[in-house]
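Input: a single structure, listed below in structure tokens.
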Amino acid sequence: QMQFVESGGGLVQLGGSLRLSCVGSGSGFSTYTMGWFRQAPGERRDVVAQINSAGTTHYVGSVKGRFTISRDNAKNMVYLQMDNLKPEDTAVYYCNLPTEPRRSWGQGTQVTVSS
């Protein structure tokens with residue numbers, strides 16, 4: 001079963017940028033629609049961006065124009081370029097399929113934006 005490992009998080013100041021990476025193990029990655037999720041303390045885990053196998057993307061309103069999702073199927077990778085970061089973007093970020101049945105969750109990567 002495919003598993004995901006996220007990386008690239010860190011501490012940045014208001015207005016800064018980060019690029020998150022997610023690598024999937026197993027076969028069939030290129031056929032999956034992939035999503036980036038985030039979960040802030042006390043909040044539920046929600047998808048913020050997704051990309052299908054053809055490269056069509058979708059974003060929630062709060063990140064549209066600031067975040068860019070992309071993928072490299074040859075490497076089983078999906079990325080999230082985050083620009084103009086705000087304190088409300090602080091969360092643990094995960095990648096997974098945006099719809100059920102999802103795969104196992106990775107450990108996520110922490111993003112902290114200071115003001």
For this session: At 1.4 Å probe size, with every protein chain present, just tell me what the per residue accessible area of the chain comes to in Å².
Result: 51 Å²
For this session: Summarise the accessible area of the chain (1.4 Å probe, protein heavy atoms) by the percent that is carbon and sulfur.
Result: 47 percent
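The values are calculated or read from the model by the stated rules, or taken from the named source; none is laboratory data. This is a predicted model, so every value here is computed, not measured. All accessible areas refer to the heavy atoms of the entire protein, side chains included, with ligands and DNA or RNA removed. Shrake-Rupley method; radii C 1.70, N 1.55, O 1.52, S 1.80 Å.
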